[in-house]
Every structure is written in C-alpha cells, then in structure tokens.
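Take a look at the structure set out below.
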Amino acid sequence: MNKKTLRDIDVTGKRVLVRVDFNVPLDNETRRILDDTRIRAALPTIEALRARGAKTILVSHLGRPDGKVVESARMAPVAARLADLIGAPVPCATDVIGESARATVAALEPGGVAMLENVRFEPGEEKDDEALARALAAFADVYVNDAFGTAHRAHASTAGVAAFLPAVAGLLMEKEIDYLGRIVTNPEPPVAAIIGGAKISSKIAVLQHLLSKVNVLLIGGGMASTFLKAQGVNIGASLVEDDQLETARAVIAGAAEAGVMIGLPSDAVVADKFAEDADYETVSIKSVPEAWMILDVGPRTVADYRAKLEGMKTVVWNGPLGVAEWPAFAEGSNEIARALAAMDATVVIGGGETVALVTALGLAGAYAHVSTGGGASLEFLEGKELPGVVALLDR
Ligand code: ADP
Ligand code: MG
C-alpha cells in the first residue's frame, strides 16, 4: 500500500482518534448486538495502540440517525461489547464533540480506550463539514482511519478530519487495501472473477473494470438472466433488466476482444414463483418453462465453473449465484463457496450478501481475505479511489 499506516508513526502517550466501522446489526427491541464481526475486525488496531501506550479515541457511525440524536442508535452497547472483548473499560461519551466527549477524552490514560457518541448524530458528518472535522481533530494528535466499510464516503470523520492531523491507515484498512489492491493491480495470474447478485446495473462498472484484469469471468445470480436473454435464451419469467441487454452484449464482446473466457449458466434451478416455498426443479438453460423463473445455477453449471476455476491463482467473488438466502436456491453459491475454500489460490470475497453466505457456512476463515466493506469493496474493484484512503499520508 502506498499510504502510511500506524506502524509508521509514533503514538506513545499520544491521543489517537481512530475512525472505526462499528455499524453492527442490533436487535430492534433488545438492542443486543447480533453480529460483532466488525468490532472484532478492528481489534488488531486497537490492541496495537493499547500496547504502544496510546490514548485511543474511537469514533463510528451506527445506523442512519440522519444528523440528529436517535436514542436507539447510541454507541453504548457497542462500547460495552468492545470492553468485553479487550478486557478493559471503554467509557462512552453521550455526545460527539460536546461536554461529555471532552470530559471522556480528558480522562484517558496512556493505554486507555474511549468511544465518542454516534458521529452521525452530528448533521455535519455526512456533509463533510469542516467545523465538525476540526472539532474532532482537536481531540487528538494523530488520526487513524480503520473504517474500510465507510472509506468510499467523504464524510467529516472519514476524510475531512485528515486535513487537520497526521493521518494514517489502521491495520484493517491496510489489509483490505492490500488484498483488494492485489486484485486490481498485480494479481498472480491466472485470475478469475465470479460476479453474481441481483442486478447487472449495480455491477456493470466492476464487470467492465475487471475485463482487463482477469482471464476468466463467471457470471451468476439474477444478472445472469439478462446475459442469457441478450444471447437469445428464453428465460421465462426470470428477473431481467431489459434496458441492460445492450450492456450485457458489450461485456460479452469486450471479453472476446480481451481474450477473457466467460462462463454463463448452462442449467438452472427454476421456481414457479419468487418465494422461499416455491415449487422448483432443475432444468437445462434451453428449457426454462414459460412462467417460471431462474433462482439459482444448476449442478452442471457448478461443475463447469469449477472446471474453469481449476489452476487459477487469484479469485475474486462478489455476488451470490442464486437467491442464497432461501435454502432451496443456495446450493450453487454454497458449492462455489466450498470449492473456493479448497483451492490453492488467493481468494478474496466481497459484497454484503456474499460475505454473509460464506460466514453462515463457517468458511470465512478459509479464504485469503473476506472484505468488511460491501459498497467500499465494490467501488475499489471498479477502480475508483476511496476518499477515506486518498486523504491519508502517502508513504
Ligand atoms: P452482494 O451483497 O454480495 O454484493 P448483491 O447485493 O449484488 O450481492 O446481490 C444479492 C442479492 O441478489 C440477494 O438478495 C439475492 O437474493 C439476489 N439474487 C441472486 N440471484 C438471483 C436471481 N436469480 N433472481 C433474483 N434475485 C437474485
Ligand atoms: Mg448486497
């Protein structure tokens, strides 16, 4: 990575403001944390700062309070979980830059960790307001951005604050950029991308960008239906984006030009309605019944994709191959998840639903990298610069 990290600076005894992404799912009623993956992902940075005697001030957003105080979006339960995880108290301010925040920061001892209130309680956060950025910066001597999941947003706490303090990447940020960067800059060849998910329109920029990077491009999910229709296949009542048929043809033509091998489904699991309890059967892609819809790839497609993945040294996967949240239509995605876990290759998984499915299978630890940022990883793979990364000091 061409950015400085917290390894490159002296933090001993210093006040360090760390932007983390602790936007964890909470139970609506009990406010219990349903999944603390994002908190755990920041532990290497927090532990490194503690070990080096820094005064660590954490700041995150939680939910969408839209610039006002929302009681149900307070950070207190998150601070409590972090305290459990590190075995040390984590005092939590009840405001972001006010009296409580000042007192909380002032009370920090070297090696201590505290948390500010939900930064999106401040109306200036999402506007990248300079006054808010300055107020946050005033708490600290150094800024560390470890919130990869929010790095694609130019907000006061992700980008703005970096103008007023020496700004470096945290260890999670570094790992995300190293692994995702390896896909877009110099991946070990041969390289494959598996792109699925609901819509071609949300992934088209990735498809186009990856065409110049990969040797093999495997397509699944709802967007495969648009590709199939663009090739004259009868897809029955499947989800289709008719305004994207030209785009699909352009991707196929672009692949041919670039010498990229494209994989499209040769069979499918079709359902008589879009429902978890729908009737379903596996059919050849040439015989999708008129009123039925494709909700997963079939076993022949999985076998074909596995064969095409053989010998690949780098694989990136973004987007499920079917409606993986419903067991009857999860088999294609699950099979690919297992196949990738067994490969001798650098496998990088991104995308909210895709990460959820490999995690549910207990396979998250089996790949080189599972990204914590859905939208951010997608924008990175599109070749975009992330404002939260651009703002950091160059190495
Ligand atoms: P990710 O979050 O991993 O980037 P997306 O958000 O792009 O993935 O897409 C995930 C969604 O795509 C899931 O909700 C899934 O139900 C849907 N999907 C996958 N295959 C199909 C299909 N054949 N028809 C309709 N929806 C699909
Ligand atoms: Mg998604």
Examine segment 169-183 for a residue that is more than 18 Å from the chain's Cα centre (by Cα) and on the phi < 0 side of the Ramachandran plot, and state whether such a residue exists.
no
For segment 348-395, give me each residue that is open to solvent by less than 10 Å² (accessible area, probe 1.4 Å), within 22 Å of G170 (Cα to Cα) and outside any loop (DSSP other than H, G, I, E, B).
V348, I349, G350, H369, A376, S377, L381, G388
If G332 satisfies every condition in (1) within 14 Å of ligand 1 (Cβ to nearest atom); (2) not in a helix (DSSP H, G or I) but one, which is the exception?
(2)
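Inside segment 1-57, can you point out the residues that are β-branched (V, I, T), assigned to a loop (DSSP other than H, G, I, E, B) and under 24 Å from the mean Cα position of the chain (by Cα)?
V20, V24
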Evaluate segment 313-326: report whether one residue or more is more than 16 Å from ligand 2 (Cβ to nearest atom) and among the small types (G, A, S).
no
Got a sec? Which helices (runs of 4 or more DSSP H) wholly within segment 176-260 have at least 2 residues that are within 16 Å of ligand 2 (Cβ to nearest atom)?
204-211, 222-230
Picking from L295, L321, L239, which residue would you name as being open to solvent by 50 Å² or more (accessible area, probe 1.4 Å), within 26 Å of the chain's Cα centre (by Cα) and within 16 Å of ligand 1 (Cβ to nearest atom)?
L239
If E382 meets every condition in (1) out of contact with any His (no Cβ under 6 Å at 6 or more places or on another chain); (2) acidic (D, E); (3) in contact (Cβ under 8 Å) with a residue 12 or more places away in the chain apart from one, which number is that one?
(1)
Report whether or not A167 is open to solvent by 10 Å² or more (accessible area, probe 1.4 Å), of a type in the set (A, V, I, L, M) and at pLDDT 95 or above.
no
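The values are calculated or read from the model by the stated rules, or taken from the named source; none is laboratory data. Treat the numbers as computed from the prediction; the structure is a model and nothing was measured. All Cβ positions, even for glycine, are placed from backbone atoms using ideal geometry, and neighbour counts span all protein chains on display. Ligands, DNA and RNA are excluded from the accessible area calculation, which covers all protein heavy atoms including side chains. Shrake-Rupley method; radii C 1.70, N 1.55, O 1.52, S 1.80 Å.
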